[in-house]
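Throughout, read-outs are computed from the coordinates displayed, never taken from laboratory work. Given the structure is predicted, the values throughout are model-derived calculations rather than measurements. Note that we place each Cβ from the backbone using ideal geometry, even for glycine, and neighbour counts take in every protein chain shown.
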Amino acid sequence: MERLINLTIERAIRVSRLDFPVFHAIARDPNATRQAALVVAVVAMASGIGAIGDSLGAVITAIIGAFLGWFIFSAMTWFFGRNVFGTPVTEVNIESLLRTQGYARAPGILAILGFLPLVGWALVFASAVWALVTAIIAIRETLRISTSRAVLVAIAAAVTSAIIRIIIGIVFDVGGVVFI
């Protein structure tokens, strides 16, 4: 168990540093799916702690929203990366994208500092931008496409994911799921 946690932390740090080879290793490692889920969970909890002023219900909604967002964004990334913006040689399965996109959320750990007066919001914003960059790199490296195609995939996946999450939020009357 300790080895698994150490490997997860090491990979999360390497992803955050934009160490390109680690994205390929994660994409090919079927055991990395649980590790990616752990990264998503830790980042979601860190965000909940950073938003300490919110209610417990808001924190729980944020955690559920983080996992929902991870699944939906990964599925949309797979769809657009394979069928719309991919190349004739683009071969990838959804699990590979699920793994790399889970790890791509690692910079979001800084959201734990969101409660700090004056600078908390800036740290949360910086971690979100950093996570966006890692998500685009994860798309590029997993799908083996150009950066411009990866950006297009990310935009299409983000817009579609937001629409799906808005619909889910309306149907289940949980607005917080939309914004995570």
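Here are a few things to note about the model shown:
- Breaking point among (1) under 20 Å from F80 (Cβ atoms); (2) surrounded by fewer than 20 Cβ atoms within 10 Å (Cβ to Cβ), for R105: (2)
- Complete set of residues in region 86-97 that are buried (at least 24 other Cβ atoms within 10 Å of the Cβ) and either on the phi > 0 side of the Ramachandran plot or hydrophobic (A, V, I, L, M, F, W, C) (or both): L97
- Candidate set: region 109-135, residues that are part of a loop (DSSP other than H, G, I, E, B) and of a type outside the set (V, I, T); chosen: the one surrounded by the most Cβ atoms within 10 Å (Cβ to Cβ): G114
- Top-ranked residue of region 136-149 - restricted to ones that are without any contact (Cβ under 8 Å) to a residue 40 or more places away in the chain and assigned to a helix (DSSP H, G or I), ranked as nearest to A12 (Cα to Cα): I136
- Residue check, V153 of a type in the set (V, I, T), assigned to a helix (DSSP H, G or I), closer than 14 Å to W78 by Cα and touching a Gly at 6+ places or on another chain (Cβ under 9 Å): yes
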